[in-house]
1. Residues of the range 304-318 being open to solvent by 20 Å² or more (accessible area, probe 1.4 Å) and either on the phi > 0 side of the Ramachandran plot or not aliphatic (A, V, I, L, M) (or both), which ones?
2. Among the residues of the range 46-74 satisfying the criterion of being of a type outside the set (Val, Ile, Thr), over 30 Å from Arg207 (Cβ atoms) and open to solvent by 10 Å² or more (accessible area, probe 1.4 Å), which is nearest to the chain's Cα centre (by Cα)?
3. Could you tell me which numbered condition Pro60 fails, if it satisfies all but one of (1) more than 23 Å from Lys199 (Cβ to Cβ); (2) outside any helix (DSSP H, G or I); (3) touching a Phe, Trp or Tyr at 6+ places or on another chain (Cβ under 8 Å)?
4. Please go through (1) open to solvent by 80 Å² or more (accessible area, probe 1.4 Å); (2) within 23 Å of the chain's Cα centre (by Cα); (3) modelled with pLDDT under 90 for Leu172 and return the number of the only condition it doesn't satisfy.
5. Just to verify a result, which residue in the range 301-328, among those that are farther than 18 Å from Pro14 by Cβ and hydrophobic (A, V, I, L, M, F, W, C), is modelled with the lowest pLDDT?
6. For the range 239-318, which helices (runs of 4 or more DSSP H) that fit wholly inside it have 3 or more residues that are more than 29 Å from Gly192 (Cα to Cα)?
7. Which numbered condition in (1) within 30 Å of Tyr206 (Cβ to Cβ); (2) assigned to a loop (DSSP other than H, G, I, E, B); (3) not β-branched (Val, Ile, Thr) is the only one that Gln333 fails?
8. Within the set of pairs 6 or more residues apart or between chains, which connect a residue that is of a type in the set (Ser, Thr, Tyr) inside the range 202-228 to a residue that is open to solvent by 20 Å² or more (accessible area, probe 1.4 Å) and in a helix (DSSP H, G or I) with Cβ atoms less than 8 Å apart?
Amino acid sequence: MFPILEIAHSTLTPVWFILIAVLWIGFFFLEGFDFGVAMLLPFLGKDETDKRVMVNTIGPTWDANEVWLITAGGATFAAFPGWYATLFSGLYLPLLLVVLGLIIRGVAFEYRSKHPSSKWRNSFDWMATIGSFLPTLVLGVGFANFVRGITLGPVPTLNGDAPLVTTSFWGLFTPFALIGGILFVVLFCAHGAGFVALKTTGRMHYRAGRYATRLGWAAAIVMAVWAVMFNTMYAPANGTAHLITWIVSLLAVLLVVIATVFSGRQRDGFAFLFNGLAIALMMAAMFVKMWGNIGFRPVGVPFDMWIASSSPYTLKIMTIAAAVMVPVVLAYQIWSYWVFRKRISRESIPAGAH
């Protein structure tokens, strides 16, 4: 009835690694501009009407975009329980900071308009900014550490237990990891400014375009530094994979430059698209490096994505469910963006509705 049930476990394991990579890429492409818009609220918005316009650009979609993160986490838990358990063994605090930031920004978006006081709204706008900055920085530092390889073991474990992370919390903050965190913040801010320029008219449109251009050049410089450090310090051992990471990461730098040029010429759609593609390629390069070892450096303990994966039957059932549900979710999200495709202006904000 289901031919996929006959597919070997050795085949489905890399398939699910790729699917999880796609989920993370989708999350950063979409939630990246959400984070960027919120981080720019106190700086790009000159008054309360400007800030309301910015919030309205992401209002219909920000919570749906977070579903990509939830799905990526759920897929990791189900398809790679060993990976999931090992992450939480030593990275509980960073993951808690990500969740805390997401909670703060969600509360901020929902409650900022519940009281007419300017002080009330400004407080929740800063909450949205901090709640977006925190997960952006932590995830940037985290994925840079996956590129480096987080040290595991040797620790005494029971048969079948996942090994434990032995890298300390402060050991995560290496120069390369900090560059990764800065890159995520600057690149997502440029992505967010480009989205505001794409979705608005008038003064806000031109101001957002200028921000997108300036931030784009800064992002291109930081990404170039990140690409060189990545490929000279933490390159994949496999020669083919190393060549792929060089090509993909340098292409990501080029796409940021192209997006910035388009932004300066007020070609907002192309600027947003190329910036998003740069984010996708940046993440793709990281997952190429994570192939097999899933971001860890085992010391004295065998551990890779095949060891960390679920049973063959679990992966087969998950594959059937994904084949049915993923097209439905994608169709719904595309439809929602199409419905809310029009630009927003200050004039579209009712008087007093800030």
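1. Asp304, Trp306, Ser311, Pro312, Tyr313, Thr314, Lys316
2. Gly73
3. That leaves (1) as the condition not met.
4. For Leu172, the failing item is (1).
5. Val301
6. 239-264, 305-308
7. Here Gln333 meets the rest and fails (2).
8. Tyr211/Phe43; Thr213/Gly264
The values are calculated or read from the model by the stated rules, or taken from the named source; none is laboratory data. Worth saying up front: this structure is predicted, and the values here are computed from it rather than measured. Quick reminder, even Gly has a Cβ in these numbers, built from the backbone with ideal geometry, and neighbours come from all protein chains shown. Note: accessible area is taken over every heavy atom of the protein model, side chains too, but ligands, DNA and RNA are not part of it. Shrake-Rupley method; radii C 1.70, N 1.55, O 1.52, S 1.80 Å.
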